[in-house]
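K.L.:
Mind looking over this structure? Questions follow.
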Amino acid sequence: MKAIHNLISKVKPNFEEGGKLSRFWVVFDSLETFAFTPGHTTSKGAHIRDSIDMKRTMMMVILAMVPALLFGTWNAGHQYYLSIGEITTLDGLGTMFWEKIGIGAQKVLPIVAVSYGVGLGIEFIFAGIRKHSINEGFLVSGMLIPLIMPVDVPLWMLAVAVAFAVIIGKEVFGGTGMNIINVALTARAFMFFAYPKQMSGEIWIHQGETAAIDGYSGATALGELANTVGKAAGSTEVTGIMSNFSLDGVYSMSNAFFGLIPGSIGETSALAILLGGAILLFTGIGSWRIMLSFLIGGLAMGAIFNLAGANAFMEVNPVHQIIIGGFMFGMVFMATDPVTAAQTNTGKLIYGFFGGFFSIMIRVFNPAYPEGVMMAILFMNVMAPMIDHYVIASNIKRREKRMKLQTA
Amino acid sequence: MSTEVKEIKKTSEPLFSKKNRKLLSDPLNDSNPITVQVLGICSALAITVQVQQAVIMSLSVLFVMIGGNVIVSLLRNRIPDRIRIIVQLVIIAALVIIVNEVLKAFLPDISEKLSVFVGLIITNCIIMGRLEAFALGNKPGPSFLDAIGNAMGYAWILVAVAVVREIIGSGAISLPGMGQVKFIPSSWFIAEGGLYENNNLFILPPMALVVVGIIIWIQRSRNTKLIEEN
């Protein structure tokens with residue numbers, strides 16, 4: 001620590017006003033405050049005195065994502081060896097542990113590197129042009145984006161998606177804290193609409209050169225379920241798919257909970273995500289109101305579909321429904337984004353509930369958009385200011401009424 | 001149309017006076033109908049998937065615009081105020097039908113692709129706006145220039161958006177009479193073992209909005225006159 005501090009103090013004059021490298025002040029400033037809490041403090045009456053500033057908050061969120069990232073890395077290797085027949089589902093999960101991590105890391109690390117490289121690069125450029133210090137916002141987005149991408153995503157497409165998300169999703173609105181839609185989900189939505197062939201079908205696992213063995217499908221649980229829509233219930237095709245969701249199938253409830261299924265890097269394991277969620281809740285960074293109401297919304301819609309039961313997809317158990325796909329990930333990391341979510345407490349409940357509600361509704365009603373969570377959260381992001389407006393308006397009305405009663 | 005122009009040349013003010021030249025140049029930038037007045041957006045979103053459609057659409061609008069502006073300007077002292085909108089509509093509708101029939105006869109492919117959007121030129125706010133705001137109060141000569149200016153302001157945005165969308169979205173460029181020329185070698189595509197893939201999002205209308213938005217962004221950062229004070 002001392003060494004870093006000395007190094008920073010030594011090079012600092014170069015970056016200050018009039019120094020040789022003053023053009024790169026923003027870069028230096030961001031790295032300095034990243035390593036050490038800034039030396040200057042607010043001189044006039046500050047309202048909040050807390051050791052947790054924005055950078056520390058962001059680091060906590062990244063910490064919460066680590067379980068999902070580590071599990072995703074392992075799972076990428078796990079799915080790879082399953083697909084080429086090196087291991088079977090009967091083998092213990094510990095078999096070839098380090099080989100799996102190795103394969104996973106080979107695929108995941110470049111994705112993380114590209115996401116951060118491109119995103120931070122753009123942030124640096126904009127900070128330079130607009131002459132403000134670099135915001136911390138991308139620290140989290142840069143980690144969220146890899147977690148919601150398929151393992152085999154071509155890196156240049158990822159770079160384009162990140163650039164689009166940062167520029168159109170955030171910088172045009174004025175940078176971190178001003179965006180109306182979630183940056184990471186913008187990147188994902190961009191990928192989904194721009195390169196649909198790379199974002200659907202059997203691309204969710206790293207295949208490599210070896211062909212997959214017979215009977216192995218790299219499709220996600222949601223992709224499989226979407227295939228049942230429009231086909232007669234009880235037909236061999238539908239029963240075949242649905243048997244994968246039974247107790248000993250590939251997408252069984254326990255497999256989906258522990259995350260031993262194909263999917264985006266960080267979304268498969270409900271357990272790892274809930275671990276991260278616990279960190280967010282414990283530190284008070286993630287809103288419990290949003291998470292809880294999101295969960296209830298999803299379960300409610302799942303239950304309603306159960307009652308309707310018009311096709312095999314609707315008949316999926318609500319609990320099963322919410323642990324497959326990106327629902328959990330969206331609930332813990334995406335919907336709780338403090339910038340784009342509703343701000344009022346009642347608003348958060350409404351926002352979360354409809355987020356979960358629409359997530360399940362979109363994925364069941366529209367098989368073309370299996371990942372309804374993405375659409376639902378983006379939609380609710382746009383709706384959030386309106387929700388807040390009405391919550392505040394009704395609060396004012398209620399208090400006016402009370403005041404009238406008192407005076408009367 | 002040349003006859004009307006000659007009539008005006010007899011009047012005292014020359015057609016290409018400084019004031020009149022401004023009628024031509026202003027709509028290209030400072031008061032561009034799409035990026036500044038935000039009119040005619042619907043057609044800009046709908047028909048900019050291919051450059052040839054955008055070019056044909058622009059030419060159609062140019063024709064209707066000139067015709068409408070000059071005719072309304074000629075009739076401006078005879079149109080009763082209370083029914084002027086309906087008279088303008090009849091004039092525009094007649095011109096649009098001419099355009100539509102010509103396209104159907106000579107460019108059936110493109111006419112099919114433009115589908116209802118040629119018909120919808122009738123409701124294009126730019127045209128109604130210019131008739132109301134300019135042609136009703138000015139002589140045919142300046143009206144003629146105003147029509148050209150506004151139609152060209154509309155056209156260059158349309159074509160610029162279409163060029164971006166077609167190159168990124170389809171990896172091709174198309175001009176009327178040439179058809180679509182794909183210039184990205186097929187071996188580059190993922191299906192052929194390459195790395196490249198066309199960006200499907202650029203084919204979808206929302207991306208036209210984003211591209212128009214980016215043009216507005218660039219325009220405003222260069223042209224400080226347009227930045228509102230607040």
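The values are calculated or read from the model by the stated rules, or taken from the named source; none is laboratory data. Only a predicted model underlies this, so the values are computations on that prediction, with no experimental measurement involved. Here the Cβ positions follow ideal geometry from the backbone for every residue, glycine too, while neighbour counts run over all protein chains shown. When the accessible area is computed, the model is the full protein with side chains, heavy atoms only, and any ligands, DNA or RNA have been set aside. Shrake-Rupley method; radii C 1.70, N 1.55, O 1.52, S 1.80 Å.
K.L.:
Can you list residues from other chains, or at least 5 along the same chain, whose modelled amide H is less than 5 Å from the amide H of A:Val151?
P.N.:
A:Ile265
K.L.:
Let's test the formula: R0 of 22 Å, r as the Cβ-Cβ distance of A:Ser243 and A:Asp91. What FRET efficiency results, to the nearest 0.05?
P.N.:
Working: r = 22 Å, r/R0 = 0.98.
Taking R0 as 22 Å, the efficiency between A:Ser243 and A:Asp91 is 0.55.
K.L.:
Same structure again: Calculated FRET efficiency, B:Cys125 and B:Asp81, Cβ-Cβ r, R0 25 Å, to nearest 0.05? Intermediate results must be reported in sequence, preceding the final value.
P.N.:
On the way: r = 21 Å, r/R0 = 0.83.
Computed FRET efficiency for B:Cys125 and B:Asp81 comes out at 0.75.
K.L.:
Next question, about the same structure. Can you list the residues of the stretch A:359-392 with backbone N under 13 Å from a point 7 Å past the Cα of A:Ser235, pointing along Cα to Cβ?
P.N.:
No residues fall inside that zone.
K.L.:
Using a simple spin-label model with points 7 Å from Cα along the Cα→Cβ vector, what separation in nm is obtained for A:His132 and B:Asp30?
P.N.:
Those two pseudo-labels are separated by 3.2 nm.
K.L.:
As I understand it, the value is the acute angle between the Cα axis of helix A:372-407 and the longest principal axis of the Cα atoms of chain A; what does it come to in degrees, rounded to 10?
P.N.:
60
K.L.:
Using protein chains only and a probe of 1.4 angstrom, how many square angstrom of B:Phe189 are accessible, to the nearest 10?
P.N.:
40
K.L.:
Could you state how much accessible area is buried at the B-A interface, both sides summed, with a 1.4 Å probe, in Å² to the nearest 100? Could you put the intermediate results ahead of the total?
P.N.:
Details: alone 12410 and 20120 Å², together 31460 Å².
Chains B and A together bury roughly 1100 Å² of accessible area.
K.L.:
Taking amide H atoms as placed 1.01 Å from N in the peptide plane, list the residues 5 or more away in sequence, or in a different chain, whose amide H sits under 5 Å from that of B:Phe189.
P.N.:
B:Gly194, B:Tyr196
K.L.:
With a sphere of radius 15 Å drawn around the Cβ of A:Asn6, what net charge do the other residues whose Cβ falls strictly inside it have (Lys, Arg +1; Asp, Glu -1)?
P.N.:
Working: positive: A:Lys2, A:Lys10, A:Lys12; negative: A:Glu32.
Overall, the nearby charge balance is +2.
K.L.:
Further question: Would you mind checking the radius of gyration and Dmax of the stretch A:134-175 based on alpha-carbon positions, in Å?
P.N.:
When restricted to Cα atoms, the stretch A:134-175 yields Rg and Dmax of 10.9, 33 Å.
K.L.:
List the residues of the stretch B:157-187 whose backbone N lies under 13 Å from a point placed 7 Å from the Cα of B:Leu59 along the Cα-to-Cβ direction.
P.N.:
B:175-179
K.L.:
Per the 1.4 Å probe, what fraction of the accessible area of the stretch A:53-208, in percent, lies on carbon and sulfur atoms? All intermediate terms of the calculation are to be shown ahead of the outcome.
P.N.:
Numbers: 4120 of 5790 Å².
Here it works out to 71 percent.
K.L.:
If you plug each phi of the stretch A:316-321 into the Karplus form 6.51 cos²θ - 1.76 cosθ + 1.60 with θ = phi - 60°, what whole-Hz ³J(HN,Hα) values come out, in order, with x for Gly and Pro?
P.N.:
So the Karplus estimates, Gly and Pro as x, are 5, 3, x, 5, 4, 4 Hz.
K.L.:
Mind checking the stretch B:96-204 for GluC sites (Glu not before Pro) that DSSP puts in a loop (not H, G, I, E or B) and that have at most 14 other Cβ atoms within 10 Å?
P.N.:
Values: sites: B:Glu101, B:Glu112, B:Glu132, B:Glu166, B:Glu192, B:Glu197; in loops: B:Glu197.
Within the stretch B:96-204, no GluC sites (Glu not before Pro) qualify (loop, at most 14 other Cβ atoms within 10 Å).
K.L.:
Compute the longest continuous run of chain B that contains no exposed trypsin sites (Lys or Arg not before Pro); treat a site as exposed when its DSSP state is not H, G, I, E or B and it has at most 15 other Cβ atoms within 10 Å.
P.N.:
Values: sites that count: B:Lys10, B:Arg78.
Of all site-free stretches, the longest is B:79-230.
K.L.:
Express the Stokes-Einstein translational diffusion coefficient of the stretch B:73-230 in µm² s⁻¹, to the nearest whole number, given a Kirkwood radius over alpha-carbon pairs, 25 °C and a viscosity of 0.890 mPa s. Don't jump to the answer; show the numbers that get you there.
P.N.:
On the way: Rh = 19.0 Å.
In µm²/s, the coefficient is 129.
K.L.:
What is the mean number of Cβ atoms from other protein chains located within 10 Å of the Cβ atom of each residue in peptide A:189-196, rounded to a whole number? Present the calculation step by step, with values, prior to reporting the outcome.
P.N.:
On the way: counts 1, 3, 1, 2, 8, 11, 6, 3.
What the average comes to for A:189-196 is 4.
K.L.:
Within chain A, what is the longest stretch that has no trypsin sites (Lys or Arg not before Pro) placed in a DSSP loop and near at most 12 other beta-carbon atoms within 10 Å? It would help to have the intermediate numbers written out before the result.
P.N.:
Values: sites that count: A:Lys20, A:Lys44, A:Arg49, A:Lys131.
Counting at most 12 other Cβ atoms within 10 Å as exposed, the longest clean stretch of chain A is A:132-408.
K.L.:
Shape of the stretch A:225-343 from its Cα gyration tensor (a ≥ b ≥ c, root eigenvalues): rounded if a/c is under 1.5, otherwise prolate when a/b > b/c, or oblate? Present the calculation step by step, with values, prior to reporting the outcome.
P.N.:
Values: a/c = 2.77, a/b = 1.79, b/c = 1.55.
Cα axes put the stretch A:225-343 in the prolate bin.
K.L.:
Return the carbon/sulfur percentage of the accessible area of the stretch B:41-229, one whole number, probe 1.4 Å, all protein chains in place. Before the final figure, lay out each step's value.
P.N.:
Working: 6160 of 9090 Å².
In the stretch B:41-229, the share of accessible area belonging to carbon and sulfur is 68 percent.
K.L.:
Relative to the longest principal Cα axis of chain A, at what angle does helix A:270-283 sit, 0 to 90 degrees, rounded to 10?
P.N.:
Roughly 30 degrees between the two axes.
K.L.:
Using only protein heavy atoms and a 1.4 Å probe, report how much of A:Glu32 is accessible, in Å² to the nearest 10.
P.N.:
40
K.L.:
A follow-up question, please. Among all helices in chain B defined by DSSP H, which have a length of 15 Å or more along the axis from Cα atoms plus a Kyte-Doolittle mean of at least -1.0?
P.N.:
On the way: long enough: B:51-74 (34 Å, 1.87); B:84-106 (33 Å, 2.12); B:140-170 (42 Å, 1.05); B:205-222 (26 Å, 1.13).
Taking the DSSP H segments of chain B (at least 15 Å long, mean hydropathy at least -1.0), we get B:51-74, B:84-106, B:140-170, B:205-222.
K.L.:
Place a point 7 Å from the Cα of B:Gln219 along the Cα-to-Cβ direction; which residues of the stretch B:157-174 have their backbone N under 13 Å from it?
P.N.:
B:157-161
K.L.:
Rounded, prolate or oblate: which fits the stretch A:109-187 when a ≥ b ≥ c are the square roots of the eigenvalues of the alpha-carbon gyration tensor, with rounded for a/c under 1.5 and prolate only if a/b beats b/c? Walk me through the numbers on the way to the answer.
P.N.:
On the way: a/c = 2.07, a/b = 1.66, b/c = 1.25.
Prolate shape, in that a/c is at least 1.5 and a/b is the bigger ratio.
K.L.:
While we're here: In a GNM of chain A with a 10 Å cut-off on Cα contacts, which of A:Gly104, A:Gly128, A:Gly137 has the highest mean-square fluctuation?
P.N.:
A:Gly128
K.L.:
Then there is this: Name the residue, out of A:Leu274, A:Leu93, A:Leu185, whose mean-square fluctuation peaks in a Gaussian network model built on chain A with Cα pairs under 10 Å.
P.N.:
Comparing A:Leu274, A:Leu93, A:Leu185 in the GNM, the peak value goes to A:Leu93.
K.L.:
Measure nothing fancy, just the Cα-based angle from helix A:345-365's long axis to the longest principal axis of chain A, in degrees from 0 to 90, nearest 10.
P.N.:
Taking the Cα atoms of chain A, the angle to A:345-365 is about 30 degrees.
K.L.:
Just name one of A:Gly302, A:Asn6, A:Ala76: the one whose Cα is farthest towards the positive end of the charge dipole of the protein assembly as shown (beta-carbon charges, Lys/Arg +1, Asp/Glu -1).
P.N.:
Going by the Cα projections, it comes out as A:Asn6.
K.L.:
From largest accessible area down, sort A:Ile241, B:Ile203; use a 1.4 Å probe on the protein chains.
P.N.:
Numbers: A:Ile241 20, B:Ile203 60 Å².
Solvent-accessible surface, decreasing: B:Ile203, A:Ile241.
K.L.:
Using a 1.4 angstrom probe on the protein heavy atoms only, could you order B:Asp81, A:Asp248, A:Asp91 from most to least accessible area?
P.N.:
Values: B:Asp81 110, A:Asp248 135, A:Asp91 65 Å².
The ranking, largest first, comes out as A:Asp248, B:Asp81, A:Asp91.
K.L.:
What residue among A:Ala187, A:Ala270, A:Ala219 shows peak mean-square fluctuation when chain A is described by a Gaussian network model with Cα springs under 10 Å?
P.N.:
Highest fluctuation among the options: A:Ala219.
K.L.:
Given H placed 1.01 Å from N in the peptide plane, which residues other than close sequence neighbours of B:Ser174 have an amide H under 5 Å from its amide H?
P.N.:
B:Val51, B:Gln52, B:Val181
K.L.:
Report ³J(HN,Hα) in whole Hz for each residue of the stretch A:333-343, in order, from the Karplus equation J = 6.51 cos²θ - 1.76 cosθ + 1.60 where θ = phi - 60°; Gly and Pro get x.
P.N.:
9, 9, 5, 7, 3, x, 6, 9, 7, 5, 9
K.L.:
Still on this model: At a probe radius of 1.4 Å, what is the per-residue accessible area of A:Tyr369, in Å² to the nearest 10?
P.N.:
Answer for A:Tyr369: close to 70 Å² accessible.
K.L.:
Still on this structure: Per residue, what accessible area does chain A have, given a 1.4 Å probe and all protein chains present, in Å²? Walk me through the intermediate numbers first.
P.N.:
Values: 19590 Å² over 408 residues.
For chain A, the solvent-accessible area averages 48 Å² per residue.
K.L.:
Under 1.5 on a/c is rounded, so check that first for chain A, then, if it is not, pick prolate when a/b is larger than b/c and oblate when it is not; a ≥ b ≥ c are the square roots of the alpha carbon gyration tensor eigenvalues. Intermediate values should be presented prior to the final figure.
P.N.:
Details: a/c = 2.17, a/b = 1.25, b/c = 1.73.
Because a/c hits 1.5 or more and a/b fails to exceed b/c, chain A counts as oblate.
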